[in-house]
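Working notes, beginning with the structure itself.
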Amino acid sequence: MSIKFRSKELTAAEASFLKWQYGFDDEDEPFERALWQAIMRAWNADAASETSPRHLERLGCADAYPEEVALYVSFKSEGSDTVWNELIRRAGLSDRRTAKVDTSIDRRRRAASRA
């Protein structure tokens, strides 16, 4: 199963982010999953540090996937609802918080129960 976006209205980073958030990561390349894991680890390390090592800032430097990092940071900020609503509007998707969306885990469980 794949998810369809209005791709002309989304950057590659935004499309990857929405796939990740919706649980449609089966088609994502391992590189993209590794990138999101690195961003999350940098975020968590910065949040847990008392001396503020600024891993996330270094990850967002030039030539280090700045668009993906900036998107993730804005999503995790206080204005996350605005960012999320704008992304799903431009992607032509329904908000997963108000509608049931099957994740990859749901699909696998359903397939296993039929087998």
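Computed quantities for the displayed model
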{"read-out": "Residue-wise HN-Hα coupling along region 108-113, computed from phi with Karplus coefficients 6.51, -1.76, 1.60 (Hz; x: Gly, Pro)", "value": "5, 4, 5, 5, 5, 6"}
{"read-out": "Region 44-93: GluC sites (Glu not before Pro) in DSSP coil with no more than 12 other Cβ atoms inside 10 Å", "value": "GLU50, GLU78"}
{"read-out": "Förster radius 22 Å - calculated FRET efficiency between ARG58 and THR11, Cβ distance, rounded to 0.05", "value": "0.50"}
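A short reminder: the numbers here are calculations on the coordinates, not readings from a lab. Note that the coordinates shown come from a computational prediction; the quantities given were computed from them, not determined experimentally. Positions of Cβ are backbone-derived with ideal geometry, glycine not excepted, and every protein chain shown enters the neighbour counts.
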